[in-house]
Structure formats: structure tokens, C-alpha cells
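The next block holds one structure in the form of C-alpha cells; read it before the comments.
Every number here is computed from the coordinates shown, using simple stated rules; none is lab data. A quick note: this is a predicted structure, and the numbers were derived from the prediction, not measured. Neighbour counts run over all protein chains shown; Cβ positions are idealised from the backbone, glycine included.
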Ligand SMILES: Nc1ncnc2c1ncn2[C@@H]1O[C@H](COP(=O)(O)OP(=O)(O)OP(=O)(O)O)[C@@H](O)[C@H]1O
Ligand SMILES: [Mg+2]
């Protein structure tokens with residue numbers, strides 16, 4: 001196993017809710033994880049469970065309410081001015097490159113902007129832009145265009161190129177291909193894997209799509225209402241999910257296998273509000289296997305063996 005790149009301990013992010021005074025959206029409520037060099041660790045879960053907030057807090061783009069975040073052993077929540085330098089080493093790729101690329105900048109300017117911001121341009125802008133274009137399989141004729149003059153897939157490649165301009169060691173990829181059609185999505189994921197193979201960065205990969213997570217990540221964390229309910233090796237979890245929520249999530253994956261379709265677990269009810277999460281196990285109101293204890297006692301996230309963590313009183 002590679003060296004430890006990211007370590008997050010008991011991270012919490014409560015947003016104060018504007019409408020109900022003194023109430024908080026518990027977007028992330030105590031998660032811990034590690035990512036090693038060259039590893040892809042994925043967060044998966046339904047919309048609103050807190051995946052993006054974990055990603056943003058890990059880069060300190062959003063200030064956590066409490067917890068610890070270390071990048072190669074450096075406590076990034078304790079940094080002030082030094083954080084700017086460290087930012088070079090930690091980047092983010094967004095779902096929607098449209099929203100993250102300045103529409104008034106040409107592709108050339110967009111590609112070299114990160115170098116300029118960090119005072120690293122030194123007259124090598126064009127050479128650098130050409131190197132980046134080649135890395136992400138784009139042609140030099142795009143350099144003079146504006147973002148709206150590119151296809152969605154091309155824009156996403158520009159977003160990826162910008163993220164790697166400063167040779168980062170860690171990248172948060174927040175639903176990096178979700179807005180693209182399937183074939184372009186596959187190309188984008190291949191590209192991310194190839195760049196990881198070449199440069200060895202660690203990825204925190206965020207997706208609600210379990211099929212994509214299965215392809216991309218060595219380890220995954222399944223999130224429900226701001227908490228991890230199951231963490232472990234991707235293969236192990238896909239071969240035998242232990243938490244009822246993970247089982248339901250995996251059983252909902254579209255399949256052509258008729259027996260799998262019969263075994264589909266349909267979750268009852270809506271996702272509860274993160275402002276006032278259910279007592280005990282947060283999943284109990286929707287859990288097909290809930291017993292009395294589940295509404296009273298919160299199950300701890302426990303190691304069931306070789307790093308497979310599960311938070312359930314009755315994990316199978
Ligand atoms: N700036 C904010 N202010 C208040 N609440 C927020 C803010 N950002 C996120 N939230 C809330 O925190 C919770 C988690 O949001 P988050 O964006 O992390 O979820 P997500 O898992 O990434 O969802 P999706 O799959 O839809 O992207 C949600 O209830 C959301 O409404
Ligand atoms: Mg999100």
C-alpha cells in the first residue's frame with residue numbers, strides 16, 4: 001500500500017438553516033477516512049447525503065464545523081497563508097465544467113490561468129497549454145475558442161486539464177462525468193484512470209452511480225444522511241454488501257438479469273431531513289430489517305474484519 005495522502009477524522013459540517021432559527025442542516029455528521037497515494041476512494045449515496053460537502057471540506061473550500069483533515073500529515077485546518085501553496089497539490093473537478101470555466105476566457109487562458117495565479121508562468125504558457133491538451137486528447141485548434149464553442153465532453157476535458165496543470169497529488173472529482181452521455185462518460189473515466197496511472201495522484205471520487213464507482217474505485221464509502229454506513233474494498237462490498245442500505249442501493253442498479261430484478265429491494269418513504277435526522281439508526285424508518293433497538297440506539301461503524309466497516313445492529 002502507498003503512503004497516506006489524506007486523513008480525515010470525525011469531520012462534521014452543520015450549515016445553519018436560514019428559515020428555522022437555531023436549526024442546523026447536519027450535512028456531514030462525523031465521517032473518517034484515509035486515502036493513500038495513487039488510490040481512488042469513492043463516496044456513493046443518494047442526492048443530498050453529504051458527498052459534495054465531504055469533498056469540499058477535505059479541500060477546505062468549505063470550512064468544516066469540526067474534525068481534522070490532514071494532507072500528507074499536514075493539518076490543513078490549522079494553516080493560514082500556507083494553505084494557498086498547498087492548494088496547488090489539491091484540486092477539484094466539478095460535475096459541470098460549464099459552471100466552473102469562465103465564459104469570457106479562451107481555452108488557452110483557461111489552461112494557463114492556474115500557473116499564472118501561482119506565479120509559475122515564466123513565459124512557458126503556450127508550451128504548457130499544448131502539453132495539457134495532448135494529455136487530455138484535445139487538439140491545439142481549440143486554444144482560441146471560448147468554452148461555449150466546445151462540446152460538453154471537450155469542456156470537461158478542459159476542466160480535467162486545468163485540475164492537473166499544477167501537478168496535484170490529490171484530486172476531488174465530484175460527479176465528474178454525470179452531465180455527459182454514456183459513451184463520453186466512459187471516455188472521461190478512462191482519461192482520469194490513465195492520468196492517475198501516469199502521475200499517481202489520489203482521487204476522492206464522488207458519484208451517486210454505483211456502476212461508475214465500481215469501475216473507478218478500490219475502496220468505497222456508502223453515505224446516508226451525513227454518515228458512512230459501510231466502508232470497504234469495492235469488490236468485497238459488491239460481492240456481499242452488509243448494510244441493508246447498501247444492499248438496497250446495489251439492488252436498484254439496472255440489470256438485464258431477471259433473477260436480480262426479482263430481488264430488487266425497494267426503499268419505502270422519502271429520505272428524512274438532515275435538519276432533524278431520525279433517532280437511533282438514521283436509516284431505521286426506511287429499513288426493511290429494522291427492529292425496536294434501531295430507533296433507540298445508534299449503531300457504531302465497526303470493523304467486521306480486514307477494514308470492512310459496517311454501522312448496523314444486524315449486519316448480515
Ligand atoms: N451552503 C449550504 N447551505 C446550507 N445547506 C447546504 C449547503 N450546501 C449543502 N447543503 C445541504 O447539505 C446537505 C448535503 O448536501 P451535498 O451537496 O453535500 O449533498 P450531495 O450528496 O453532494 O448531493 P447530490 O448528489 O445531489 O450532489 C443537503 O441537505 C444540502 O441541502
Ligand atoms: Mg453533490
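Annotations
- Under the criterion of Cα pairs below 8 Å and six or more residues apart, the relative contact order for segment 63-157 equals 29 percent.
- CD proxy at 222 nm, helix term only [per DSSP H run n ≥ 4: -39500 (n - 2.57); per residue of the chain; nearest 500]: -9000 deg cm²/dmol
- Ranked 12, 291, 51, 26, criterion: other C-beta atoms within 10 Å, fewest first: 291, 12, 26, 51
- Cα shape, segment 185-316, gyration tensor, a/c 1.5 rule: prolate
- Which of 33, 199 has the fewest Cβ neighbours within 10 Å, and the rest in rising order: 199, 33
- Listed from fewest to most Cβ neighbours within 10 Å, the set 9, 22 follows the order 22, 9.
- Peptide packing for 214-225, 124-135 was compared via the average number of neighbouring C-beta atoms within 10 Å per residue; ordered from the highest value, the list is 214-225, 124-135.
- Annotation: extensible slack from residue 126 through residue 83 equals 12.7 nm (criterion: 0.36 nm per residue apart, minus Cα-Cα distance).
- Over the chain, the hull volume per residue, using the convex hull of the C-alpha atoms, is 154 Å³.
- Over the chain, relative contact order from alpha-carbon pairs under 8 Å, at least 6 apart, %: 20 percent
- Compared with the dominant Cα axis of the chain, that is its longest principal axis, helix 182-199 is turned about 70°.
- Computed lengthening from residue 199 to residue 291, 0.36 nm per intervening residue step minus Cα-Cα distance: 28.3 nm
- Length-normalised contact order of segment 124-240 in % [C-alpha pairs under 8 Å, at least 6 apart]: 19 percent
- A crude spin-label estimate for the pair residue 233 and residue 303, with each label 7 Å from Cα along the Cβ direction, gives 1.5 nm.
- Antiparallel %, DSSP beta bridges [both residues in the chain], to 5: 60 percent
- Stretch gain in nm, segment residue 218-residue 268, where the contour uses 0.36 nm per residue and the Cα spacing is subtracted: 15.0 nm
- Inter-label distance for residue 37 and residue 109, nm, one decimal - labels placed 7 Å from Cα along Cα-to-Cβ: 3.8 nm
- Binning the C-alpha pair distances of segment 1-112 at 5 Å intervals from 0 yields a P(r) profile of 2, 9, 18, 19, 19, 15, 11, 6, 1, 0 %, listed from the shortest bin outward.
- The average projected area of segment 59-101, computed from the convex hull of its Cα atoms over all directions, is 3.9 nm².
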